[in-house]
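The values are calculated or read from the model by the stated rules, or taken from the named source; none is laboratory data. Keep in mind that this is a model prediction, so the values were computed, not measured. Don't worry about glycine lacking a Cβ; one is built from the backbone with ideal geometry, like all the others, and counts go over all protein chains shown.
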Amino acid sequence: MAPGIAAACALLALLLPLGLRSSASEASRPAYQNPRLDVEQRVDDLLSRMTVVEKLDMLTGSTWMESTPNSRLGIPKIRMADGPAGVRPATGPGGMGVTVAGTAFPAGVALAATWDVELVGKVGRAIGMDARALGRDMILGPTVNIHRAPEAGRNFETFGEDPYLTSRLAVAFIQGLQAEGVMAVVKHFAANNQETDRYSVDVRVDERTLNEIYLPAFRAAVQEAGVWSVMSAYNKVNGVWCTENPSLLTDVLKKQWGFRGFVVSDWVATHTTVETANAGLDLEMPGTESRRMLLKRMPSLAPGFNGHPDAYMNRPELLQALADGRVKQAVVNDKVRRLLRAMFSNGLFDGRPPSAAVADGPEQRRIARMAAAEAIVLLKNQGRLLPLGPQVRSIAVIGPNAATARTGGGGSSEMKPASPVSPLEGIRQRAGAGIKVGYALGCPLPASGRTLPPQAPRNESPDDPATRAARLREAVELAAGSDVAIVFAGYSSGLDSEGFDRDLRLPVGQDELIQAVAAANRNTIVVLNSGGPVLMSAWIDRVPSALATWYLGQEAGNAVAAVLFGDENPSGKLPATFLREAKDSAAYRNFPGSGGTVSYKEGLYVGYRHFDRNRLDPLFPFGYGLSYTTFTYRNLKISPSRVVPGQRVEVTLDVRNTGTRRGVEVVQLYIHDVEASVDRPDKELKSFRRVELDPGQTRTVSFYLDDSAMAFYHPGKKGWVAEPGSFETLVGSSSRNIELTGEFELTAATDK
Ligand code: GLC
């Protein structure tokens with residue numbers, strides 16, 4: 001017998017008994033423990049083995065960040081961690097879980113400013129690598145709530161004011177995270193758009209606005225990304241708590257959208273047992289033990305607990321509800337089925353191989369650094385002061401955000417990176433010995449609002465007048481003696497945070513500081529940390545350059561220095577409108593509401609939709625961002641010019657880099673329904689493309705539009721409708737800088 005065949009036979013002989021043995025052992029063990037069976041079979045088998053009490057015990061958490069395991073049947077706990085900007089230690093009353101944090105990535109609004117779907121997917125994957133390395137099965141993110149009011153305290157955490165941009169980035173983030181075998185939780189469902197009265201506010205919003213503005217990212221997360229969990233929000237929608245809202249949790253999420261995962265409550269967000277169980281909440285967090293710990297530690301929270309120290313979906317109350325028929329067993333079974341489906345599908349029963357990644361490893365840091373640089377938006381650059389050229393031999397680095405890296409906003413998403421890089425460190429490192437870098441604080445930040453629950457900080461200086469004057473003088477003198485002065489202004493995680501809404505004015509003293517430095521040095525650059533727009537009218541006309549840098553995670557200082565020195569060409573675009581005055585906001589007259597209710601009377605007209613409709617002039621528009629190079633747009637073509645429903649329209653154009661250095665342009669395509677039977681916004685973002693070009697290079701950019709780009713939500717039909725008629729396509733580098741326009745016609749299905 002040929003040696004090769006002999007070896008194969010020997011191998012076969014060796015494996016065969018193993019195979020027999022594995023089938024023998026498989027026959028002996030319960031079906032649900034067999035990874036070769038399909039998930040639904042394993043769920044059915046395990047569900048059939050569970051007692052009623054064992055099922056009920058799965059419906060609430062066991063500790064602050066874990067679900068309840070079952071040792072008899074070998075059901076593991078789901079080990080969770082926040083959040084959207086990285087895997088953070090769970091420091092809640094249960095106090096457990098990760099001791100080392102993962103990489104601190106840029107905040108949501110910074111990721112949104114990249115408009116880079118592929119990159120956001122890589123960030124999701126990198127957070128998944130950290131989660132696996134830190135033994136976590138589920139990450140409580142992304143946060144996809146829309147920027148309705150620019151003051152909202154968690155705007156820093158989300159993807160901006162537009163539902164299409166938010167949807168594309170949410171899908172990418174979730175797909176990246178879940179590709180690592182880590183469950184994502186898209187949050188907070190739904191219409192959680194302010195922090196004032198966050199635990200109780202009743203949001204009054206019409207059905208069309210809900211579906212066209214506030215729900216699209218959740219729907220995309222479910223139907224395109226296959227998100228495993230949705231977190232129901234604290235607030236009410238149209239009079240009903242989100243945690244017990246059958247319209248949202250069952251009719252829309254599970255029936256209309258076909259959601260097969262599970263709904264988890266926000267922490268301590270439940271209010272009843274039967275209504276919550278019947279409405280479609282599947283897992284109540286954090287559970288009885290943590291609620292009791294929380295109450296013990298902070299008795300002041302008692303009113304919010306309505307005298308109910310235990311989890312609402314607790315065993316005794318649910319047993320009683322089952323016994324008297326207020327809750328059906330099938331309702332409980334469906335919850336357990338959803339939890340088990342997610343757990344089997346993500347390998348929680350099958351002892352996943354240990355992760356190859358180390359927490360906060362080099363790959364994660366590389367992605368964090370890339371994202372931080374791409375997120376930076378160049379707002380102004382008069383006289384091309386930036387990038388800093390070889391003629392700059394001395395730099396004054398000034399401000400409360402210069403020597404401290406503002407890596408994230410405050411609250412449950414806040415990371416505590418081990419070695420964050422501040423702008424001052426980043427600049428000193430990049431400048432090297434040849435450039436003199438001086439530092440002056442200029443003015444300190446007010447005391448932060450960080451108490452539990454967080455309170456809005458008072459915008460007061462911690463300094464006495466004499467100290468304030470001395471600090472200002474020191475900064476001015478440094479600026480006067482330097483070639484360039486850079487003021488790092490904005491907020492901190494104690495001033496821009498979950499738990500309270502933000503003041504659009506810069507913290508006390510910063511306007512004056514910028515004015516004084518600009519008066520002392522005509523080459524003054526302002527670099528901002530914020531979760532959204534700030535009021536700049538006091539100084540924006542007095543400085544040649546300004547950048548929005550959001551919260552850039554642990555690589556902040558390196559990314560800012562790279563852009564300032566021109567190692568990176570800024571390509572960020574605003575994901576939210578920067579307004580001139582607070583009263584220009586769409587929500588101005590209806591924020592934060594009164595008497596516990598907030599009415600979204602602006603309807604669809606949020607963000608740039610509002611500015612367009614009301615012919616308002618933003619300071620910097622949605623989608624805006626400068627580059628160190630320039631681009632032209634030519635040759636818009638649309639084909640075919642007439643389409644029937646279901647047929648795609650192709651829009652192409654040529655983009656050329658007409659500057660002197662390589663750069664990225666984000667080409668944006670908006671749609672205007674010219675003949676709508678209902679009121680529709682003047683333009684709506686329906687696609688975008690990032691294109692990187694060398695100097696002189698031209699590339700043809702293509703967009704493909706289907707009915708979804710033309711449709712609006714029709715409450716009467718409970719669905720989306722694309723009406724026949726002409727549609728205008730508007731292509732440009734921001735919502736206000738439209739370079740080319742064209743038209744196509746959607747004909748009625750019968751027209752051939
Ligand atoms: C917080 C937040 C939520 C977070 C959760 C756990 O209150 O609203 O986003 O994931 O509790 O920390």
Could you pull out the residue among 286, 303, 309 that is without any contact (Cβ under 8 Å) to a residue 60 or more places away in the chain and part of a loop (DSSP other than H, G, I, E, B)? 309
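Within the group 279, 269, 217, which residue is within 20 Å of residue 168 (Cα to Cα) and touching a strand residue (DSSP E or B) at 6+ places or on another chain (Cβ under 9 Å)?
After applying the criteria, what remains is 217.
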As an exercise: evaluate residue 194 against (1) away from the ligand (no atom under 15 Å from the Cβ); (2) assigned to a loop (DSSP other than H, G, I, E, B); (3) of a type outside the set (Val, Ile, Thr) and give the number of the one condition it does not meet. (1)
Say we look at the range 181-191 and pick out the residues that are part of a loop (DSSP other than H, G, I, E, B) and either under 18 Å from residue 151 (Cα atoms) or in contact (Cβ under 8 Å) with a residue 60 or more places away in the chain (or both); which of these is farthest from the ligand (Cβ to nearest atom)? 181
Of all residues in the range 138-165, how many are within 16 Å of the ligand (Cβ to nearest atom), closer than 16 Å to residue 220 by Cα and either part of a loop (DSSP other than H, G, I, E, B) or out of contact with any Ser or Thr (no Cβ under 7 Å at 6 or more places or on another chain) (or both)? 7
Those residues of the range 382-433 which are within 16 Å of the ligand (Cβ to nearest atom), surrounded by fewer than 22 Cβ atoms within 10 Å (Cβ to Cβ) and outside any loop (DSSP other than H, G, I, E, B), in sequence order: none
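Yes/no per residue for (1) surrounded by 14 or more Cβ atoms within 10 Å (Cβ to Cβ); (2) modelled with pLDDT under 95:
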| position | (1), (2) |
| --- | --- |
| 626 | yes, no |
| 640 | no, no |
| 664 | yes, no |
| 672 | yes, no |
| 679 | no, no |
| 682 | yes, no |
| 690 | yes, no |
| 717 | no, yes |
If you go through 259, 173, 189, the only one that is under 19 Å from residue 337 (Cβ atoms) and crowded, with 24+ Cβ neighbours inside 10 Å is 259
Which of the residues belonging to the range 50-64 are modelled with pLDDT of 95 or more and part of a loop (DSSP other than H, G, I, E, B)? 50, 51, 58, 59
All but one of (1) within 16 Å of the ligand (Cβ to nearest atom); (2) assigned to a helix (DSSP H, G or I) hold for residue 271, so report the exception by its number. (2)
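Okay, residues lined up against (1) free of Cβ contacts under 8 Å to residues at least 12 places away in the same chain; (2) under 27 Å from the mean Cα position of the chain (by Cα); (3) within 16 Å of the ligand (Cβ to nearest atom):
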site: 224; (1), (2), (3): no, yes, no
site: 228; (1), (2), (3): no, yes, yes
site: 236; (1), (2), (3): no, yes, yes
site: 259; (1), (2), (3): no, yes, no
site: 262; (1), (2), (3): no, yes, yes
site: 276; (1), (2), (3): no, yes, no
site: 299; (1), (2), (3): yes, no, no
site: 315; (1), (2), (3): no, no, no
Within the range 434-472, restricting to residues that are assigned to a helix (DSSP H, G or I) and touching a residue at least 40 places away in the same chain (Cβ under 8 Å), the one that is nearest to residue 501 (Cα to Cα) is 468
Of the residues 691, 721, 701, 731, which single one is β-branched (Val, Ile, Thr) and closer than 30 Å to residue 205 by Cα? 721
So, of the residues in the range 347-379 that are under 26 Å from the mean Cα position of the chain (by Cα) and among the basic types (Lys, Arg), which turns out to be nearest to residue 576 (Cα to Cα)? 369
Could you tell me whether residue 538 is part of a helix (DSSP H, G or I) and of a type in the set (A, V, I, L, M, F, W, C)? no
Pair list, Cβ under 9 Å, 6 or more apart: the range 131-143 residue touching a residue at least 12 places away in the same chain (Cβ under 8 Å), other residue basic (Lys, Arg) and within 9 Å of the ligand (Cβ to nearest atom): 140/187; 141/187; 142/187; 143/154; 143/187
If the requirement is being in contact (Cβ under 8 Å) with a residue 40 or more places away in the chain and either surrounded by fewer than 18 Cβ atoms within 10 Å (Cβ to Cβ) or assigned to a helix (DSSP H, G or I) (or both), which of these qualifies: 561, 518, 576? 561
Output yes when any residue across the range 330-346 is farther than 28 Å from residue 413 by Cα, away from the ligand (no atom under 16 Å from the Cβ) and of a type in the set (D, E, K, R), and no when none is. yes
Consider residue 208 carefully, then state whether it is of a type outside the set (Ser, Thr, Tyr), farther than 20 Å from residue 185 by Cβ and away from the ligand (no atom under 15 Å from the Cβ). yes
Where residue 309 falls short, out of the listed (1) surrounded by 15 or more Cβ atoms within 10 Å (Cβ to Cβ); (2) touching a Lys or Arg at 6+ places or on another chain (Cβ under 7 Å); (3) of a type outside the set (A, V, I, L, M): (1)
The one condition in (1) within 16 Å of the ligand (Cβ to nearest atom); (2) more than 20 Å from residue 227 (Cα to Cα) that residue 322 fails to fulfil: (1)
